[in-house]
Each structure stands twice: as C-alpha cells, then as structure tokens.
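**Q** If you scroll down you'll find the structure; I have some questions about it.
The values are calculated or read from the model by the stated rules, or taken from the named source; none is laboratory data. In this text the structure is predicted, and so the values were computed from the model without any measurement. Every residue, glycine among them, receives a Cβ derived from its backbone with ideal geometry; neighbour counts consider all protein chains shown. SASA here: full protein model, heavy atoms, side chains in, ligands and nucleic acids out. Shrake-Rupley method; radii C 1.70, N 1.55, O 1.52, S 1.80 Å.
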Amino acid sequence: MVLAGVGSLFAQADPEWTESFPPFHIAGNLYYVGSKGLANYLVTTAQGNILINSDLEANVPMIEASIEKLGFKFKDTKILLISHAHWDHDAGSAKIKQLTGARYMVMDADVPVVESGGKLDFQYGSTPGFLYPPAKVERVLHDGDEVQLGGTVLVAHLTPGHTKGCTTWTMKATEGDKTYNVVIVGSPNVNQGYQLVHNDKYPQIAADYQRMFEVLQSLPCDIFLGAHGAYFGLEEKYARMKDGGANSFVDPGGYKEFVAQKEQDFRTELAKQTLAAK
Ligand SMILES: [Zn+2]
C-alpha cells in the first residue's frame, strides 16, 4: 500500500479504506468482511467468531454490517486479532471490544503500541492523525502461538519490520475434500520515511525485515490474503470468483511473486540508504 501524506503532519486516509466492499465467503469457515482498501477476515466457529483487524474507527459500522449481511452476529465476535499495530488496522479495536466484549490478542512487540493508542510507535508516535483510542490487550501473543476457538486454529507468525510485532496469520480452511493452507500477510512494506540504517528507535529494523522475508518464504500457501486487498488483488480475484469456476483466491504462485517483489523492493531501499549513510 502507498501511504498518502506520511511525509506530512496530517494523515490522509486513502478513500478506498472507507469504501464498502461486498462481504463474501473465501473458503471453509473463512469470510471477507473488509472494505475495498482495508482487509478484515471473519473466522466462524460453533463457539463464536474470530475477527482479524478493526481498521479505522469509521469502518466499525461497516464491518458489523458485513458480518450481519453474511448471516452471522457481530456480537458473537469472541476474539479480535490484528495484522499489525497501525491505525488503519487497529484504530477501531477499542470500539469493537466495547461493542462485542471480544478478547484482544496481540503480538508482544505490538502490545505497547496498541495500548498507548499509537504513541509508542517507532515511526508515527508523534503524528497526531495516526493516533487512536488505546485498547487493552487480554492476551499477549508470542511467535508461533496458537489462537484456538471451536476447533479452528490460527497461528501467529512474527513477521517484524513494518512494525515490531507485525503478525502474519495462518490457518487451514477445509472446503469439501480439500484442505487449504491460508496465509494472511501482515505487511512486508517499507513505508515512505522508514529509516533502515542508524534507526535509534528501532536499531534492528533491517535485520527484522530480513527475518520477515525468511518467514514468509517458509510458509506453505494455497490461499493468499493480506492486511490490504491490494496485496493479493482483491477486486480482480473477487470479480473472477463471482463469475464462477475455481477459487481465484487459491494462488500459491501469486504469493511467491508478491514476497519476492517485496523483498527486492526492501533490498533496493536498504542499499540506497546504506550508500547515503556512508
Ligand atoms: Zn502498516
């Protein structure tokens, strides 16, 4: 994703972030309930549901409407997870917790950021437009931890760099006699203004990005998803899915290409910054 206005003092949200998108079934007990630009996923179980990402505060009524449109109850949201601690994925968390009573589970290194409403973010902590209501975390996750509900297991993979606790979620989705490996990418992006060398607030940032790419390369992926629809071609794949035929979200090749391209982007930027720092 391209962050508009990051270089300025004011956050300018991409209009697609708050543009509604039809909710739909992805595979098994996994559904898309996000906007055009910000991805949310609902995992349904007999013991209640898991929601991934809360988005901007303005998106919360839209997420609720999408869940209800699919025939599920927003109030059945038992667990709230995020892709990473940036306002476009977590600003609505306090509101969702208040409305549903969901337990908030966040990767260890992102916990101080979400609990401070973004103030402890290494990059945007003093940018007013990027701050939001703090939300208390009920369970601190560590790399490899499992989140279980009603027989469904999600695994939290620490994929740091974009934020210190950036999380890539994996699960299995069963559709008929097929079981798919689902990967929901946290974010591999180096945002505009990110300092990859001599970063006092995040000294290990470059090493963390490298680690993240190693993790992404190691994950088996059939169904390729992520924190923004643009990562995996939401609009185009949704249109193809509606036309019928094979599940367009099954895209192991697209996943590999995406990870390789993002790694190349990171290496180019790192080389540029390393040279400039000499
Ligand atoms: Zn982000």
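**Q** Could you work out what % of the accessible surface of region 102-171 is carbon and sulfur, using a 1.4 angstrom probe and leaving DNA, RNA and ligands out of the count?
**A** 52 percent
**Q** Within region 97-203, report the GluC sites (Glu not before Pro) that DSSP leaves as loop and that have at most 16 other Cβ atoms within 10 Å.
**A** E138
**Q** Let me ask you something else. For q = 0.12 Å⁻¹, what log10 I(q)/I(0) does region 168-278 give under the Debye formula with an equal point scatterer on each alpha carbon and no solvent?
**A** For region 168-278, the Cα-only Debye profile gives -0.50.
**Q** What does the helix-only formula give at 222 nm for the chain: each DSSP H stretch with n ≥ 4 adding -39500 (n - 2.57), the total divided by the residues, and the result rounded to the nearest 500 deg cm²/dmol? Let's see the in-between values first.
**A** Working: 8 runs with 80 residues, N = 278.
Result for the chain, helices only: -8500 deg cm²/dmol.
**Q** Cα atoms only, region 125-189: Rg and Dmax in Å?
**A** 15.2, 51
**Q** Treat each spin label as a single point 7 Å out from the Cα along the C-beta direction, and report the E269 to V153 distance in nm.
**A** Inter-label distance under the simple model: 3.4 nm.
**Q** So for region 43-102, Kirkwood radius off the Cα pairs, Stokes-Einstein at 10 °C and 1.306 mPa s: how many µm² s⁻¹?
**A** After rounding, the answer is 141 µm²/s.
**Q** Counting only heavy atoms of the protein chains, get the accessible area per residue of the chain (1.4 Å probe) and round it to a whole Å² value.
**A** 43 Å²
**Q** Further question: Note down the Stokes-Einstein diffusion coefficient of region 11-117 in µm²/s, whole number, using a Kirkwood radius over alpha carbon pairs, 10 °C, and 1.306 mPa s.
**A** It diffuses with D of about 117 µm²/s by this estimate.
**Q** Moving on to the next point. For the charge dipole of region 124-278, defined by +1 on Lys and Arg C-beta atoms and -1 on Asp and Glu C-beta atoms about the Cα centroid, which residue among Q148, G165, A260 has the Cα displaced farthest towards the positive pole?
**A** After comparing all options, I get G165.
**Q** How many percent of the accessible area of region 199-278 is carbon or sulfur, using a 1.4 Å probe?
**A** Within region 199-278, the accessible surface is 53 percent carbon and sulfur.
**Q** At 25 °C and 0.890 mPa s, grab the translational diffusion coefficient of region 71-158 from Stokes-Einstein with a Kirkwood Rh over Cα pairs, rounded to a whole number in µm² per second.
**A** Taking Rh from Cα pairs, D becomes 182 µm²/s.
**Q** Along region 94-108, what does the Karplus equation 6.51 cos²θ - 1.76 cosθ + 1.60 (θ = phi - 60°) give for ³J(HN,Hα), rounded to whole Hz, x for Gly and Pro?
**A** With the stated coefficients, region 94-108 comes to 4, 5, 5, 4, 5, 6, 10, x, 4, 8, 9, 10, 9, 4, 2 Hz.
**Q** Can you tell me the dipole magnitude for region 94-209 around its Cα centre, using point charges on the Cβ only (Lys, Arg +1; Asp, Glu -1), in Debye to the nearest 20?
**A** Dipole size: approximately 360 debye.
**Q** Among residues other than Y132 whose Cβ falls under 14 Å from its Cβ, what is the net charge (Lys/Arg +1, Asp/Glu -1)?
**A** -3
**Q** I'd like the Karplus ³J(HN,Hα) series for region 55-63: coefficients 6.51, -1.76, 1.60, θ = phi - 60°, whole numbers in Hz, and an x wherever there's a Gly or Pro.
**A** Karplus-based 3J(HN,Hα) across region 55-63 equals 6, 5, 4, 5, 7, 4, x, 6, 5 Hz.
**Q** Given +1 on the Cβ of Lys and Arg, -1 on the Cβ of Asp and Glu, and no further charges, what dipole in debye does the chain carry about its Cα centre, rounded to the nearest 20?
**A** Details: 24 positive and 32 negative charges, 49 e Å.
Dipole size: approximately 240 debye.
**Q** For a distance above 29 Å, tell me the whole-number percent of Cα pairs in the chain that qualify.
**A** 27 percent
**Q** Would you kindly state how much longer the chain becomes between Q192 and D76 on full extension, computed as 0.36 nm times their sequence separation minus their alpha carbon distance, in nm to one decimal?
**A** Gain on stretching Q192 to D76: 38.0 nm.
**Q** Further question on the same structure: Test of understanding: what is the full-extension gain from F24 to N199, defined as 0.36 nm times their sequence separation minus their Cα-Cα distance?
**A** So the chain would gain 58.9 nm between F24 and N199.
**Q** Please identify the trypsin sites (Lys or Arg not before Pro) of region 39-98 that satisfy two criteria: DSSP loop assignment and at most 15 other Cβ atoms within 10 Å. Which are they?
**A** K73
**Q** Counting only residues 5 or more places away or on other chains, whose amide H sits under 5 Å from the amide H of G226 once H atoms are built in the peptide plane?
**A** V185
**Q** Provide the net charge surrounding V111, with neighbours chosen by a C-beta distance below 14 Å and charges set as Lys +1, Arg +1, Asp -1, Glu -1. Please list the in-between numbers first.
**A** Working: positive: R103, K119, K136, R139, K164; negative: D90, D108, D110, E115, D121, E138, D143, D145.
Around V111, the charge tally is -3.
**Q** What shape does region 93-219 have by the C-alpha gyration tensor, where a ≥ b ≥ c are the square roots of the eigenvalues, rounded means a/c under 1.5, and otherwise prolate means a/b greater than b/c and oblate the rest?
**A** oblate
**Q** Probe 1.4 Å, all protein chains in place: accessible area of S20 in Å², nearest 10?
**A** Per-residue accessible area (S20): approximately 80 Å².
**Q** Looking at the chain, what % of its DSSP beta bridges pair antiparallel, to the nearest 5?
**A** The answer is about 70 percent antiparallel.
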